[in-house]
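Data block below; observations after.
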């Protein structure tokens, strides 16, 4: 017999579907599933793989755990006995919970450090460069490049050119790259390598991991050979890689992903960009400001998943800066010859010296043999987890870009910490209801909560106001009024539920909106707060005031 606790069912029909899928698992003789009790009682044959039961339920989108599964711990101090070590026969530290962590990026490091703080010992498996995407090839180098491009742009053009003579800057990309990579290496060493080197409770194993079964990994060592690694708990934190669309001819060309673009020591004269979201637009503007003539091919519109006003505002900025944006345009074929890319579209041919493909990122899960551990994934290959980072295998957790969570490093790190707490006997959850997102264009894009369209899709009646930046004193003093701040309010309660902003330093002001939403503030309560004058974040107060006042009739910093 086996009993499962099942969460996520919403009706008796769900229970019927769960019963059907469980009875198809080899070894299951019968299943009685109750929606009301959130449980399943199964008659099973000896030797039936229990992880297959939880995986089958996870495949339907629910979470199942064995009711009689042994707890990890009953308090913060770990009492679990290590079930296995390297090669399965090293019994040192036998009273300490052993956690395997696959990966070494934001989620992995946060989890490893928290697990050690909770009393566990950790084996961290990394096949490549320590530190993952963010510090090495993502957030850090891209923001350095974007900042350099912003400085170049201001030297070339600013609202104060009448009084400060503009000058065309000389761009030496090779020197900028040296500066960029030096800071990357500095941060990788300070925040990852030196911490791992100095923590005796964390062992780093260099190699590629795959699952042997529900509690064992096989690690193909970079130095040669393989090693079996047993664990009590395992965290998968393998991140994601650029997703490449199946455009005829593309794979046979030397196209760039963001990795190659950020590592290039030259600025191409002509750059074509396929993509319309974060990475595509950030790097498109940066390369344009550093000297490239940029053309963006957007399958729909820029930021088509966001409030339409966001894409419209950025489109206007890009066109003013000379960036060509071809909306509703796809390449049907890509060719390369004589140092030139030729992209065929339904509206003609686009030619470029370099091609950047930035169409999203796919989870790094295909080489893990997840099926051997009964870990369920969705149609995109992302690991399915709940808000406690549990997978369909009770011993295996996952966090970061390899999961179905939003792909932000701060989400990954927080998820890693929560996973470590849960792997060591705690009960922590990740709440994403007030998750901020920032795009580092100029002006920046920042959002939190829901848009009007999302609220209406969820059956919420809304009221909203959009404040253009020509009403914000800081923007007026900067002589830069590009953008807006939009507040979305639940009509019945007046509670703030969403903010979308396009503004210089929008990434700085959005956290105030995060706190307002998290604390369930009404728009009137936000309007009544003290905000320092001549700051961009004061725009939130002004936008809140527009629900009840004509702010054009207010004096400066009027409360």
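The values are calculated or read from the model by the stated rules, or taken from the named source; none is laboratory data. Remember, predicted model here, so these are calculated numbers, not experimental data. Glycine gets a Cβ as well: all are built from the backbone with ideal geometry, and neighbour counts include every protein chain shown.
Listed values, structure above:
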| quantity | calculated |
| --- | --- |
| Matching residues in segment 203-237 - criterion: being within 23 Å of residue 409 (Cα to Cα) and either without any contact (Cβ under 8 Å) to a residue 40 or more places away in the chain or surrounded by 22 or more Cβ atoms within 10 Å (Cβ to Cβ) (or both) | 209, 233, 234, 235, 236, 237 |
| Residue list for segment 451-501, filter: at positive phi and touching a strand residue (DSSP E or B) at 6+ places or on another chain (Cβ under 8 Å) | 483, 494 |
| Residue in segment 160-174 that is in a strand (DSSP E or B) and over 30 Å from residue 482 (Cα atoms) present | no |
| Tally of residues being touching a strand residue (DSSP E or B) at 6+ places or on another chain (Cβ under 9 Å) and part of a helix (DSSP H, G or I) across segment 116-156 | 3 |
| Residue list for segment 286-306, filter: in contact with a helix residue (DSSP H, G or I) (Cβ under 7 Å, 6 or more places away or on another chain) and either assigned by TED's automatic domain parsing to the domain that holds residue 451 or touching a residue at least 40 places away in the same chain (Cβ under 8 Å) (or both) | 286, 289, 290, 303 |
| Candidate set from segment 423-436 (those that are touching a residue at least 60 places away in the same chain (Cβ under 8 Å) and under 30 Å from residue 49 (Cβ atoms)); member that is surrounded by the most Cβ atoms within 10 Å (Cβ to Cβ) | 423 |
| Matching residues in segment 518-528 - criterion: being assigned to a loop (DSSP other than H, G, I, E, B) and closer than 18 Å to residue 436 by Cβ | 519, 520, 521 |
| Filter pass, residue 463 being modelled with pLDDT of 95 or more, in a loop (DSSP other than H, G, I, E, B) and more than 18 Å from the chain's Cα centre (by Cα) | no |
| Selection within segment 1-26 - touching a helix residue (DSSP H, G or I) at 6+ places or on another chain (Cβ under 9 Å) and either in the same structural domain as residue 371 (by TED's automatic domain parsing) or surrounded by 16 or more Cβ atoms within 10 Å (Cβ to Cβ) (or both) | 2, 4, 6, 9, 18, 21, 22, 25 |
| Residue satisfying all of: in segment 32-49; assigned to a strand (DSSP E or B) and surrounded by fewer than 16 Cβ atoms within 10 Å (Cβ to Cβ); farthest from the chain's Cα centre (by Cα) among these | 43 |
| Residue match in segment 238-250 (condition: closer than 24 Å to residue 120 by Cα, outside the structural domain of residue 300 (by TED's automatic domain parsing) and crowded, with 17+ Cβ neighbours inside 10 Å) | yes |
| Subset of segment 402-421 [free of Cβ contacts under 8 Å to residues at least 40 places away in the same chain and buried (at least 18 other Cβ atoms within 10 Å of the Cβ)] | 405, 408, 411, 418 |
| Residue count for segment 192-221, restricted to those that are in contact with a helix residue (DSSP H, G or I) (Cβ under 7 Å, 6 or more places away or on another chain) and under 17 Å from residue 140 (Cα atoms) | 1 |
| Lone unmet requirement of (1) in contact with a helix residue (DSSP H, G or I) (Cβ under 7 Å, 6 or more places away or on another chain); (2) assigned by TED's automatic domain parsing to the domain that holds residue 123 for residue 265 | (2) |
| Scope segment 358-379; condition without any contact (Cβ under 8 Å) to a residue 40 or more places away in the chain and either crowded, with 19+ Cβ neighbours inside 10 Å or not assigned by TED's automatic domain parsing to the domain that holds residue 133 (or both); matching residues | 377 |
| Residue 381 being farther than 20 Å from residue 4 by Cβ and touching a strand residue (DSSP E or B) at 6+ places or on another chain (Cβ under 9 Å) | yes |
| Listing of strands (runs of 3 or more DSSP E) fully contained in segment 394-457 that carry 3 or more residues being closer than 24 Å to residue 516 by Cβ | 437-439, 444-449 |
| Test: residue 183 is out of contact with any strand residue (DSSP E or B) (no Cβ under 6 Å at 6 or more places or on another chain), within 16 Å of residue 124 (Cβ to Cβ) and outside any loop (DSSP other than H, G, I, E, B) | no |
| Residue within segment 219-227 that is under 27 Å from the mean Cα position of the chain (by Cα) and assigned by TED's automatic domain parsing to the domain that holds residue 425 present | yes |
| For residue 481: the one exception among (1) in a helix (DSSP H, G or I); (2) surrounded by 15 or more Cβ atoms within 10 Å (Cβ to Cβ) | (1) |
